[in-house]
1. Subtracting the Cα-Cα distance from 0.36 nm times the residue separation, let me have the gained length for Asn265 to Thr26 in nm, one decimal.
2. With an 8 Å cut-off on Cα pairs and a minimum separation of 6 or more residues, tell me the relative contact order of the chain in percent.
3. Based on the mean of other Cβ atoms within 10 Å per residue, sort peptides 200-209, 233-242 so the most packed one is first.
4. Which order do peptides 161-172, 73-84, 108-119, 211-222 fall in by mean Cβ count within 10 Å, highest first?
5. Express the accessible area of the stretch 125-222 per residue in Å², computed with a 1.4 Å probe while the remaining protein chains stay in the model.
6. Can you give me the span-like helices of the chain, meaning DSSP H runs with 18 Å or more of Cα extent along the axis and Kyte-Doolittle mean at or above -1.0?
7. Where the centre of each part is set by its Cα atoms, how far does the stretch 165-183 sit from the stretch 50-74, in angstrom?
8. Given labels modelled 7 Å from the Cα in the Cβ direction, how far is it in nm from Arg103 to Glu13?
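The values are calculated or read from the model by the stated rules, or taken from the named source; none is laboratory data. Computed from a predicted structure; not experimentally measured. Note that each Cβ is placed from the backbone with ideal geometry, even for glycine, and that neighbours are counted across all protein chains shown. Ligands, DNA and RNA are excluded from the accessible area calculation, which covers all protein heavy atoms including side chains. Shrake-Rupley method; radii C 1.70, N 1.55, O 1.52, S 1.80 Å.
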Amino acid sequence: MRAMRAETFSGYEGLKLIELPKPAVTKTKVLVRITAAGVTPLDHTILSGKFHGSKAPLLLGNEGAGVVEQGGGTDFSVGSRVMFFGTYGAFEDGTDSEWVAVRKEDLCLIPDNVDDVSAAGIPVAYLTAQVALTLAGFRAGKTVLAPAIGGSIGNAVTQLARALGAKHAMSSTTNHAKAEQAKALGFNEVVDTSSEKLGDGVRRITSGYGADIVVDGIGGEVLSEALGVLSLGGSLTTLGYAASRKTTIDVTNLIVPQASIRGLNMFAQPKASIGAAWKVIVSLLKSGAIKPIVAKTFPLVEAVDALRYLIEGRPFGRVVLKI
């Protein structure tokens, strides 16, 4: 089978197209023919040698969609369309290939109204978003901020919070064109930080209240600024560092509102939490209340271009490989 493998963790040049044997089915794994694979910032972090625990050579790809070919039993019969997320592409070979042997408990059936390309970009973003909201104590009526509306986490949190009854489901962008694009797509509570500070925008939208919950996948200065918008008893969940791993915070932004900050590692979440999140996500996908946004697709052989486009082009929406 064809696969894109990181031969070394040396940047884009380390990614090569190779031929490998089709993976074998075991008692615990299902053979899935991959039709589409999501491209994520984690791919770039690993390829740059900046992720703990990953070892080269490694097939990248943390999420994917495809068709069950063997071993799915009655729950995932042959021909079933499935999507999945797990340690694939990080601690074991991932989805940038024509076939993957997937643990049965990682699979989720794709709703009939969702195509494979869209499905491939769902697992990481929406599972992370839903788990983060749940751990933060989200319920209808809460006010939520997830910076970076064009990014996977920012968009997924905003969509889920809005669909689940948030009083305000806010996001932000540093790019005026993206702010206009967000508005055209129906995201009406987006702070354009090219013309307004994040804190000022949040206070304007919420009439001075702030955010009960912040879910930040950006890190750096954005995290620092986001802490300043927390309401009384609010919380910030940090789960990414696209901007920077380091920042400086004003501790009074935690002390005065008696707010809190926590980290989230999706690889450490119990299966029960993932299963509960899938139930919410699938229901909202079926009803059309949430809809993944795909910016661009690339063929498998152009995986390097796809990753470069994601990291350097910073598109609005997901980047997906069509296998």
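1. Stretched out fully, the Asn265 to Thr26 stretch lengthens by 83.3 nm.
2. Numbers: 749 pairs, mean separation 57.1, N = 323.
Relative contact order here is 18 percent.
3. On the way: 200-209: 16.1, 233-242: 20.3.
Result, highest mean Cβ count within 10 Å first: 233-242, 200-209.
4. Working: 161-172: 21.6, 73-84: 15.9, 108-119: 18.2, 211-222: 24.6.
Top of the packing list down: 211-222, 161-172, 108-119, 73-84.
5. On the way: 3690 Å² over 98 residues.
So the stretch 125-222 comes to 38 Å² accessible per residue, rounded to a whole number.
6. Numbers: long enough: 271-287 (24 Å, 0.88).
Helix filter hits for the chain: 271-287.
7. 32
8. Computed distance between label sites Arg103 and Glu13 equals 3.7 nm.
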